[in-house]
Amino acid sequence: VDLNGQCPVQVFARRTREPVLRFHSIDLGITETIRDAASLRDYRDPRRPFALPRAALCHLGLGSGLPDGSDLGPWLERSGGGLELTLLCAVPKGSGLGTSSILAGTVLAALQRFYGISAPPEELYLGVLELEQMLTTGGGWQDQIGGLGGGVKYCESRPGLLPRPIVHHLDSWLFAEPQATSRMTLFYTGITRLAKSILKDVVDRVDGKDRSFLFTHRRLRDLAGEARDAIALRDLDALAFVVGASFRENRLVHASTTNERIEVLMRAAAPFVTGAKLLGAGGGGYALFISPDSRSAEALKALLAADFEDERARLFDFSLNARGLETTVS
């Protein structure tokens, strides 16, 4: 989706005469310059502002074979000069909108175009997964597909050691027509969380073959199919039911899916919605609400603005992005 009328994740790459790597973050207001191989390879803390572009450049082989103490200057001069990479991410990390994976995909796509590397979408999806493992965050399995591919999608995974997704593009009517979108509300709770520890706990319980846990996971898979059918039938009430049921199952998957602040928010919103859930791994980030009609949705927005907005938490306008990833050269 686009948020408040703009693509929330953008990356700009340009050649520089000075043989260094320079990273800028527009939203964070910070800049960092990399001059040696050791600094480039220092990407394993995902909380560092520029861990992601460091990992992406290493993934593409930049500085490969150079000892840690080596100056990157001669290597960069041989490859045509330095690189300036500017990131704009209008969504906080830990928001539940798959920001990390989508930003990783956008960075990789920009660098591939910059260095003249051609890669099909499936290879880009896999590259994001590899980046997330390099960063030790454990994600990258599906969020990048949601962000880099346009429109509404239903995704399946084929068996194998490497993920090989099958992406079905669905009817976008429910997310494009005003009579449906006027019943939807997107609210940022102001709470962020890193999904890394949640994912590890979930995987450990799956590997442990806990029967009740596996039953819940199968139910989540079935709900995805029900959501696909509701979207195909243009039945927003059915989709609202699936959204609410999904959040109930999420609570069973991991205790940190919710907390007291979230429960207060959900109880206050309940009279105005037929389905609601936190997006992503839960515990904070964005919440999606679906109301029975547009009047209830307006009443919900008024409630959220009056009682829950603060310097971080706020309402967002969102619209379906039908194009997905776009790469341009100027």
Per DSSP H run of n ≥ 4, the term is -39500 (n - 2.57); total these for the chain, divide by its residue number, and report the mean residue ellipticity at 222 nm rounded to 500 deg cm²/dmol. -12500 deg cm²/dmol
Label the stretch 128-171 by shape, choosing from rounded, prolate and oblate, from the square roots a ≥ b ≥ c of the eigenvalues of the Cα gyration tensor; if a/c is under 1.5 it is rounded, and otherwise prolate applies when a/b is larger than b/c, oblate when it is not. oblate
Output the 0 to 90 degree angle, nearest 10, between the alpha-carbon long axis of helix 260-269 and the longest principal axis computed from the alpha carbons of the chain. 50
Calculate how steeply helix 99-114 sits against the longest principal axis of the alpha-carbon atoms of the chain, using the helix alpha-carbon long axis, and give the answer as 0 to 90 degrees to the nearest 10. 40
Find the Cα radius of gyration of the stretch 1-95, compare it with 2.2 N^0.38 Å by division, and give the number to two decimals. 1.15
Computed for the stretch 118-256: size of charge dipole around the Cα centre, +1 on C-beta of each Lys and Arg, -1 on C-beta of each Asp and Glu, debye to nearest 20, value 400
Can you give me the relative contact order of the chain as a percent, contacts being Cα pairs under 8 Å and 6 or more apart? 21
Heavy-atom surface of the stretch 102-214, accessible at 1.4 Å and reported per residue (Å²): 50
How compact is the chain by the rule of thumb for globular proteins, expressed as Cα Rg over 2.2 N^0.38 Å? 1.05
Residue-span extension gain [Arg261 to Arg14] - 0.36 nm each, minus C-alpha spacing: 84.6 nm
10 Å Cβ shell holding at most 16 others, DSSP loop, GluC sites (Glu not before Pro): longest site-free stretch of the chain: 1-308
Between beta-carbons, use under 14 Å as the cut-off and find the net charge around Arg15, counting Lys and Arg +1, Asp and Glu -1. +2
Out of the trypsin sites (Lys or Arg not before Pro) in the stretch 259-321, which ones are loop residues according to DSSP with at most 13 other C-beta atoms within 10 Å? Arg312
Pull out the extension gain between Arg234 and Asp207, defined as 0.36 nm times the separation in residues minus the alpha carbon to alpha carbon distance; nm, one decimal. 6.0 nm
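Classify the stretch 194-242 as rounded, prolate or oblate, taking a ≥ b ≥ c as the square roots of the eigenvalues of its Cα gyration tensor: rounded when a/c is under 1.5, otherwise prolate if a/b is larger than b/c and oblate if not.
Taking the square roots of the gyration eigenvalues as a ≥ b ≥ c, the stretch 194-242 is prolate.
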Compare the Cα positions of Pro53, Ser256, Gln133 along the charge dipole of the chain (+1 at Cβ of Lys, Arg; -1 at Cβ of Asp, Glu; about the Cα centre) and return the one farthest towards the positive end. Gln133
Computed about the Cα centre, the charge dipole of the chain from +1 Lys/Arg and -1 Asp/Glu charges at the Cβ has a magnitude in debye, to the nearest 20, of 380
Compute the acute angle (0 to 90°) between the alpha-carbon long axis of helix 121-134 and the principal axis of greatest extent of the alpha-carbon atoms of the chain; round to the nearest 10°. 80
With label points set 7 Å from each Cα along the Cα-to-Cβ direction at Ser319 and Leu220, the distance between them in nm comes to 3.2
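Report, to one decimal in Å, the Kirkwood hydrodynamic radius for the stretch 190-286 based on all distinct Cα pairs.
For the stretch 190-286, inverting the mean 1/r across all distinct Cα pairs yields 14.4 Å.
The values are calculated or read from the model by the stated rules, or taken from the named source; none is laboratory data. Keep in mind it's a predicted model, so treat the numbers as computed, not measured. Glycine also receives a Cβ, built like all others from the backbone with ideal geometry; neighbour counts cover every protein chain displayed. Note: accessible area is taken over every heavy atom of the protein model, side chains too, but ligands, DNA and RNA are not part of it. Shrake-Rupley method; radii C 1.70, N 1.55, O 1.52, S 1.80 Å.
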